[in-house]
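See structure below.
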Amino acid sequence: MKRALKVASVLTWFNLIFWGLMTLFVLLAAPVMGIVALVGAVLLSAIPLNCYAALQLHKSIRRPEIRLSHQTPVGIRFIGFVSLFFGLTTVMDQVSNLQQPAKMLTMLKESLPGMKGLEFMTVDTVRIISVVGLVLGLAVVVNVILNFRLLRWYYLVHQSDAS
């Protein structure tokens, strides 16, 4: 379990920083983009919130004298499922983009005709962006699954201590 805790800690910090910054950027874009960006930021904030709850779990596992709050497991489970949904959606979207990058590039250029810089995008650029998105989605999925396992292990250890 020590290896799972180390991997989960690294992924948790990475996801907390990256997705926290992404949420902040979406919030900053809200005055320009409107209510859609605000709703997106609220939904996207599930990933950093899950990471924060996971850090509390990791602290309780490393130092058993620090008890886990009664709200933290609920946060890990409920917000974890929302984060898992976002992660799986990202993975599936990027796999689709990797399967048909030319079609994705055509759709992108058609949907954003006035955007500068899109005329320089190539199929290889779409592939690179898709691979990065795939890695980011997998980081979220693996982190949530590891934290679910660590929470279950935490309960098993504390249940056996109580007996």
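Quick notes on this one:
- Considering only residues in the range 129-154 that are surrounded by 12 or more Cβ atoms within 10 Å (Cβ to Cβ) and more than 16 Å from the chain's Cα centre (by Cα), the one that is nearest to Arg77 (Cα to Cα) turns out to be Leu151.
- Residue check for Trp13: touching a Pro at 6+ places or on another chain (Cβ under 6 Å), of a type in the set (A, V, I, L, M, F, W, C) and closer than 21 Å to Ala139 by Cβ: no
- Residues of the range 112-128 that turn out to be at pLDDT below 80 and surrounded by 10 or more Cβ atoms within 10 Å (Cβ to Cβ), as a count: 3
- Residues in the range 63-77 that are part of a helix (DSSP H, G or I) and surrounded by fewer than 14 Cβ atoms within 10 Å (Cβ to Cβ): Val74 only.
- When the test is whether a residue is among the hydrophobic types (A, V, I, L, M, F, W, C) and free of Cβ contacts under 8 Å to residues at least 12 places away in the same chain, Leu44 does not pass it.
- Check on Met1, farther than 19 Å from Arg152 by Cβ, out of contact with any Pro (no Cβ under 8 Å at 6 or more places or on another chain) and of a type in the set (A, V, I, L, M, F, W, C): no
- Selection count where residues are of a type in the set (A, V, I, L, M, F, W, C) and surrounded by 17 or more Cβ atoms within 10 Å (Cβ to Cβ), scope the range 78-102: 5
- Flag for Val39 being β-branched (Val, Ile, Thr) and within 19 Å of Ile145 (Cα to Cα): no
- Check on Lys109, over 14 Å from the mean Cα position of the chain (by Cα), closer than 19 Å to Leu146 by Cα and assigned to a helix (DSSP H, G or I): no
- When the residues of the range 85-111 are filtered to those that are charged (D, E, K, R) and more than 11 Å from Val126 (Cβ to Cβ), the one that is modelled with the highest pLDDT is Asp93.
- For the range 44-62, the condition of being within 25 Å of Asn15 (Cα to Cα) and not in a helix (DSSP H, G or I) holds for at least one residue.
The values are calculated or read from the model by the stated rules, or taken from the named source; none is laboratory data. As the structure is a prediction and not an experimental result, all values here were calculated from the model. Reconstructed Cβ throughout: ideal geometry from the backbone, glycine too, with neighbour counts over all protein chains shown.
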